[in-house]
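To keep things clear, I will list the structure first and then write my remarks on it.
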Amino acid sequence: SSPAEVASAVTGEGGAVFTMLHSGAAVREVYTGANGLLSACKPQTLLVDCSTVEPATAREMSSAAAAHGCDFLDAPVSGGAPGAASASLTFMVGSDSDAAFAAATPFFTQMGKPPVRCGSVGAGLAVKLANNLALSLQMLATAEAFSLGKAQGVDPHVLAQVMNVSTARCWSSDTYNPVPGILEGVPAAREYEGGFATSLMLKDLRLALDAAAAVGAPTPSAEHARRLYRLSAERGFASRDFGSIYAFLEAARGEPDSISVALAEAWAEEAATAAGESFDSGAFGEEVVAAVAETTAPATATTVKIGQDGKVVAPSA
């Protein structure tokens, strides 16, 4: 069925259409395309988009829906596959109308917790992007902590037991732990299949960083995290759950400099692109400053000479 056929089957007042799509372009096509929802929806139909896209896309669709006599709400979700399976999702809702939010609430509570109204249209997406920015860092820090513990001979079950009741307690550890064998029913227990793909986390980080750039909000840690998830994706984990960042780190065990060098190259490439210059990774032989993890001085900045083949030539303090 086309979106138009779906919309034509909805009664209008009291009826609702929910969508969840992978990009802003897809949302625009489904709503305003030749056979989109708005080409056939009846007045007073409630239109709810649960996609994670640009807040500007939600505001654009809201204006288009209003021209057809319909209310539009952005309602991205949090909770992942476990939340969907247990009907415990969190809906972050942006709505310009009290009545529309009230009308949508019974639908939300069938699929999750009582919804949180974040503000006008677009606010739900703004909150979701902030949430996923934090989640990306939380998972990365959790993965690094467990990798460090394992390298020091600590049983990961013991580390989880302590972290989950201590100051490091977080969803990425106590509910969605990235270490195989800690929890059942999570992606780490099935070789990171299913769940929230690394490629989707990268998409959300891009959206969050674009939003941050638009309002001048500094997000240096998220920029660093995006490069790490990008490296993970390039090394085979793109379609695996984003918790596979733990497996990515474990694969680099014994060669921490390899990640630092790759990050330095990624930074240089981004800087060249931003300056409108070409970047030849094969000829990347300039000195760069990279944070290189060393067991004797983990916080020391090290100057790394990178040769024509991209390998470290001569680190020097």
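The values are calculated or read from the model by the stated rules, or taken from the named source; none is laboratory data. What you see is a predicted model; the values in this text were computed from it and never measured. Every residue, glycine among them, receives a Cβ derived from its backbone with ideal geometry; neighbour counts consider all protein chains shown. Side chains are part of the model used for accessible areas, which takes the heavy atoms of the whole protein and leaves out ligands, DNA and RNA. Shrake-Rupley method; radii C 1.70, N 1.55, O 1.52, S 1.80 Å.
Couple of notes before you dig in:
- Accessible area (Å², per residue) of segment 200-239, counting only protein heavy atoms and a probe of 1.4 Å: 49 Å²
- Normalised by residue count, the chain yields a Cα convex hull volume of 162 Å³ per residue.
- The chain: calculated mean residue ellipticity at 222 nm from DSSP helix runs of at least 4, using -39500 (n - 2.57): -14500 deg cm²/dmol
- Taking Cα atoms only, the orientation of helix 123-151 departs from the longest principal axis of the chain by about 30 degrees.
- Percent antiparallel among DSSP beta bridges (both partners in the chain, rounded to 5): 50 percent
- Between helix 55-67 and the chain: long-axis angle, C-alpha atoms, 0 to 90°, nearest 10: 10 degrees
- Cα-based shape type of segment 86-144, given that a ≥ b ≥ c are square roots of the gyration tensor eigenvalues and the cut on a/c is 1.5: oblate
- For segment 171-208, GluC sites (Glu not before Pro) meeting the loop criterion (DSSP other than H, G, I, E, B) and having at most 10 other Cβ atoms within 10 Å: 184.
- Sequence-distant contacts, meaning Cα pairs under 8 Å at least 6 residues apart, place the relative contact order of the chain at 10 percent.
- Longest site-free stretch - the chain; sites: trypsin sites (Lys or Arg not before Pro), DSSP loop, at most 12 other Cβ within 10 Å: 1-168
- C-alpha center-to-center spacing [segment 1-59, segment 220-240] in angstrom: 32 Å
- Acute angle (nearest 10 degrees) that the helix 98-111 long axis makes with the longest principal axis of the chain, alpha-carbon atoms: 60 degrees
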